[in-house]
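Structure incoming, see below.
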Amino acid sequence: MTALLEVEDLRVAYGKIEAVKGISFSIEQGQIVTLIGTNGAGKSTTLRTISGLLKPAGGTVRFNGERIDGTAANKIVGMGLAHSPEGRRIFARMSIEENLQLGAFLRRDPAGIQADMDRAYTLFPILGERRKQAAGTLSGGEQQMLAMGRALMSQPKLLMLDEPSMGLSPIMMQKIMSTIVELRDQGMTILLVEQNAQAALSLADRGHVMEIGKISLSGTGADLLHDESVRKAYLGED
Amino acid sequence: MHELPQNLANGLFLGAMYGLIAVGYTMVYGIIQLINFAHGEIFMTGAFGALAVYSKLGANVSIWLALPLMIVGGVATATLVAVLAERFAYRPLRNAPRLAPLITAIGLSIFLQQLVWGFPGNKSARVFPQLPGGPFHLGSVVFQSADIFVVVAAVLSTLFLAYFVRSTRTGRAMQATAQDPDTAKLMGIDTDKVIVIAFAIGAVFAAIAGISSGLRYGQIEYNMGFLNGLFAFTAAVLGGIGNIYGAMLGGLVLGLAQTLSAAYIQYIPGMSQFGSQDWSGVWAFVILILVLMFRPQGLLGERVADRA
């Protein structure tokens, strides 16, 4: 079985400072893979490079067998790789409906788009109730739902989520996490970046721990959840 | 109030022209936060492009046949200059510190003025063809064909732009790019293309304003973009930079402020020496300062507090 996403020896630099120092990992179809680690470990930089917002300084990224490192971000999304960025980044002055429509920007099948919008409203009913409302008026958790719904509108093969639990109440976080599992059960492949290691590892098939630009530890979600060094460093145990 | 309707009408004609130019400042600023100080010269090249077409046609051609061709020529010239400027002057500096593209814009402004000045012919002013008909009378207000041209052009252009931005796919891509360029890319939007389109639309509007100016005043000059560009930029800030309706509104407010101050300030006791045409620019900027003191985001500008 070939991997859907294959990252090999990826390096990313901001000027002279190397933020990602040669990491390799892959994601199989239908898996949830998580990158965990502290702030500044290079997790978001990794996602931003995979989705084409940043150009790598070295290494390769293969998606569906095709090299995508160096390809423009607006082309990569059309290949089936969606990125829901850190901080949600919804279009605050546009309505919920318009945000979802922008998620389907590259699609030309109005009927299919409508069907997927209805699906997003079923997944997150609150979005359907407020579809005409400006997205900026939503609460943090609702904005996260919108960001995920918007990313799904491109009909991705791989969904990358950057810190979806950031700043959310425990209840809202539960809701988001269970939605991620629900999406996987429907066949979606997910790359999840999280600071909340407990939540991420307990639902992930595989996890990678990032520390200052490198992957320091890899394993199944369950293995990492029970690994002593992970428990000490990220789960607040001593 | 002596001749108030006439002064209001004159302010409206002037303001419509400022508004047409201001749209270009505000669109480019709204998307890449660049104050394109060469935009006044885009306005100027639009007028010169139209005049060049007119000269090629020869004086025997009816103005009503020539005018559409002049518009095409002016619009094409201004758009070409704007798109080339974006591609070769501004795009390489997209990630440079803010000061670099700003200085480039000023340099480009001087370059374009001197380039046009260098063409053979009368340096100070070139005769621009006039529209026949008129003067028209509406009550006590007198106006010319060129005044009708600028008002109709401003109204049609604004309606078109409102439709374009709100209801077309490219327009929505433009809004998204203005709000958050990186996230727009993640939606699949080619933001480079959106930026080129913003420059092009600004140039189309500026060219129409340039032709309006030529038709109204009967002459054009290589440096006509300097003051008009500055006033139009002021109009864009006054209306709320980044907001296209704000640009039109700011243009009208500024045009009225200039015309009314030139007409009436002199009647205020003790102010007689501040009321002439020469002072109208001063009053325009007084209005700008007052508005910005109480509404720093401009008349229709939005406060930037988007992200929850």
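FYI, it's all coordinate maths here, none of it is from the lab. Computed from a predicted model, the values in this text were never measured in an experiment. Glycine gets a Cβ as well: all are built from the backbone with ideal geometry, and neighbour counts include every protein chain shown.
Considering only the range A:62-79, state which residues are within 11 Å of chain B (Cβ to nearest Cβ) and either assigned to a loop (DSSP other than H, G, I, E, B) or not aliphatic (A, V, I, L, M) (or both). Steps first, please.
Step one: list which residues in the range A:62-79 are within 11 Å of chain B (Cβ to nearest Cβ), which gives A:72-79.
Answer for the range A:62-79, where residues must be within 11 Å of chain B (Cβ to nearest Cβ) and either assigned to a loop (DSSP other than H, G, I, E, B) or not aliphatic (A, V, I, L, M) (or both): A:A72, A:N74, A:K75, A:G78.
Okay, next question. For the subset of the range B:204-236 comprising residues that are small (G, A, S) and more than 24 Å from B:F285 (Cα to Cα), which member is surrounded by the fewest Cβ atoms within 10 Å (Cβ to Cβ)? Step through it out loud before you land on a result.
Here is the first cut: in the range B:204-236, the ones small (G, A, S) are B:206-207, B:209-210, B:212-214, B:218, B:225, B:229, B:232, B:235-236.
Among the residues that remain, those that are also more than 24 Å from B:F285 (Cα to Cα) are: B:207, B:214, B:218.
On the way: B:A207: 34, B:G214: 27, B:G218: 13.
Residue satisfying both the conditions and the ranking: B:G218.
Hey, any hits in the range A:107-126 for a residue that's in contact with a strand residue (DSSP E or B) (Cβ under 6 Å, 6 or more places away or on another chain), within 14 Å of another protein chain (Cβ to nearest Cβ), outside any loop (DSSP other than H, G, I, E, B) and of a type in the set (A, V, I, L, M, F, W, C)?
From the range A:107-126, those in contact with a strand residue (DSSP E or B) (Cβ under 6 Å, 6 or more places away or on another chain) are none; that's our starting set.
Among the residues of the range A:107-126, not one is in contact with a strand residue (DSSP E or B) (Cβ under 6 Å, 6 or more places away or on another chain), within 14 Å of another protein chain (Cβ to nearest Cβ), outside any loop (DSSP other than H, G, I, E, B) and of a type in the set (A, V, I, L, M, F, W, C), which makes the answer no.
Could you check how many residues of the range A:104-124 are surrounded by 12 or more Cβ atoms within 10 Å (Cβ to Cβ) and β-branched (V, I, T)?
So the count comes out to 1.
While we're looking at this one, here's another question. Test A:G221 against the stated conditions and say whether it is over 19 Å from A:E86 (Cα atoms), out of contact with any Leu (no Cβ under 9 Å at 6 or more places or on another chain) and of a type outside the set (S, T, Y).
Values: over 19 Å from A:E86 (Cα atoms): yes; out of contact with any Leu (no Cβ under 9 Å at 6 or more places or on another chain): no; of a type outside the set (S, T, Y): yes.
Considered against the rule, which asks whether it is over 19 Å from A:E86 (Cα atoms), out of contact with any Leu (no Cβ under 9 Å at 6 or more places or on another chain) and of a type outside the set (S, T, Y), A:G221 comes out as no.
Give the range A:80-89 a look and list any residue that's of a type in the set (G, A, S), over 14 Å from A:L138 (Cα atoms) and assigned to a loop (DSSP other than H, G, I, E, B), or say none. Reasoning before the result, please.
Of all residues in the range A:80-89, those of a type in the set (G, A, S) come to A:80, A:82, A:84, A:87.
From the residues that got through so far, the ones that are over 14 Å from A:L138 (Cα atoms) too are A:80, A:82, A:84.
If the condition is that a residue be of a type in the set (G, A, S), over 14 Å from A:L138 (Cα atoms) and assigned to a loop (DSSP other than H, G, I, E, B), then A:G80 is the only one that fits.
Could you figure out which of (1) in contact with a Lys or Arg (Cβ under 6 Å, 6 or more places away or on another chain); (2) within 11 Å of another protein chain (Cβ to nearest Cβ) isn't true of A:I96?
It fails just one condition, (2).
Helices (runs of 4 or more DSSP H) wholly in the range A:129-229 with at least 2 residues that are away from chain B (no Cβ under 14 Å) - which ones? Give the steps one after another, and end with the answer.
Details: elements: A:140-152, A:170-185, A:197-203, A:221-226.
Per the criteria, A:170-185, A:197-203, A:221-226.
Restricting attention to the range A:90-104, does a residue exist that is over 28 Å from A:E18 (Cβ atoms) and in a strand (DSSP E or B)? Show your work before the answer.
As a first pass, look at the range A:90-104 and keep what is over 28 Å from A:E18 (Cβ atoms): A:90-104.
Filter once more, so that each one left must be in a strand (DSSP E or B): A:95.
Within the range A:90-104 (the criterion being over 28 Å from A:E18 (Cβ atoms) and in a strand (DSSP E or B)), the answer is yes, since at least one residue qualifies.
Let me ask you something else. Using the structure shown, decide if A:L10 is of a type in the set (A, V, I, L, M), within 14 Å of chain B (Cβ to nearest Cβ), touching a Pro at 6+ places or on another chain (Cβ under 9 Å) and closer than 25 Å to A:A233 by Cβ.
For A:L10, the condition - of a type in the set (A, V, I, L, M), within 14 Å of chain B (Cβ to nearest Cβ), touching a Pro at 6+ places or on another chain (Cβ under 9 Å) and closer than 25 Å to A:A233 by Cβ - is not met.
For A:A82, all conditions in the list (1) more than 10 Å from chain B (Cβ to nearest Cβ); (2) crowded, with 21+ Cβ neighbours inside 10 Å hold save one; what is the number of the exception?
For A:A82, the failing item is (1).
Name every residue in the range B:166-178 that is surrounded by fewer than 19 Cβ atoms within 10 Å (Cβ to Cβ) and either in a helix (DSSP H, G or I) or facing chain A (nearest Cβ under 9 Å) (or both), in order of residue number. Break it down stepwise before answering.
Filtering the range B:166-178 for residues surrounded by fewer than 19 Cβ atoms within 10 Å (Cβ to Cβ) gives B:166-171.
Across the range B:166-178, the qualifying residues are B:R166, B:S167, B:R169, B:T170, B:G171.
With the requirement that a residue be acidic (D, E) and either closer than 16 Å to A:V193 by Cβ or crowded, with 17+ Cβ neighbours inside 10 Å (or both), what does the range A:1-17 give you? It would help to see each step written out before you state the result.
As a first pass, look at the range A:1-17 and keep what is acidic (D, E): A:6, A:8-9.
Within the range A:1-17, just A:E6 meets the criteria.
Condition test on B:S140, is it in contact (Cβ under 8 Å) with a residue 24 or more places away in the chain, out of contact with any Lys or Arg (no Cβ under 8 Å at 6 or more places or on another chain) and closer than 22 Å to B:T79 by Cβ? First the steps, then the outcome.
On the way: in contact (Cβ under 8 Å) with a residue 24 or more places away in the chain: yes; out of contact with any Lys or Arg (no Cβ under 8 Å at 6 or more places or on another chain): yes; closer than 22 Å to B:T79 by Cβ: no.
The answer is no for B:S140.
Do we have any residue at all in the range A:109-127 that's under 16 Å from the mean Cα position of the chain (by Cα) and within 27 Å of A:A204 (Cα to Cα)?
Within the range A:109-127, the subset under 16 Å from the mean Cα position of the chain (by Cα) is none.
No, every residue in the range A:109-127 fails to be under 16 Å from the mean Cα position of the chain (by Cα) and within 27 Å of A:A204 (Cα to Cα).
Just one of (1) more than 20 Å from B:R169 (Cα to Cα); (2) within 14 Å of chain B (Cβ to nearest Cβ); (3) part of a loop (DSSP other than H, G, I, E, B) trips up A:N39, so point out which.
(2)
Turning to a different aspect of this structure: For the condition within 14 Å of chain A (Cβ to nearest Cβ), on the phi < 0 side of the Ramachandran plot and among the β-branched types (V, I, T), what is the one hit in B:I211, B:I189?
Details: B:I211 fails: within 14 Å of chain A (Cβ to nearest Cβ).
Just one listed residue meets the conditions, B:I189.
Considering only the range B:235-244, I want to know if a residue exists there that is within 14 Å of another protein chain (Cβ to nearest Cβ) and of a type in the set (A, V, I, L, M). It would help to see each step written out before you state the result.
Start the filter on the range B:235-244 by keeping residues that are within 14 Å of another protein chain (Cβ to nearest Cβ), which leaves B:240, B:242-244.
Then drop every residue that is not of a type in the set (A, V, I, L, M), which leaves B:244.
Checked the range B:235-244: at least one residue is within 14 Å of another protein chain (Cβ to nearest Cβ) and of a type in the set (A, V, I, L, M).
Another question, then. With a cut-off of at least 2 residues that are more than 26 Å from B:A82 (Cβ to Cβ) and more than 20 Å from the chain's Cα centre (by Cα), name the helices (runs of 4 or more DSSP H) lying wholly within the range B:197-308.
Values: elements: B:224-239, B:244-264, B:280-294.
Of the helices (runs of 4 or more DSSP H) lying wholly inside the range B:197-308, those with at least 2 residues that are more than 26 Å from B:A82 (Cβ to Cβ) and more than 20 Å from the chain's Cα centre (by Cα) span B:244-264, B:280-294.
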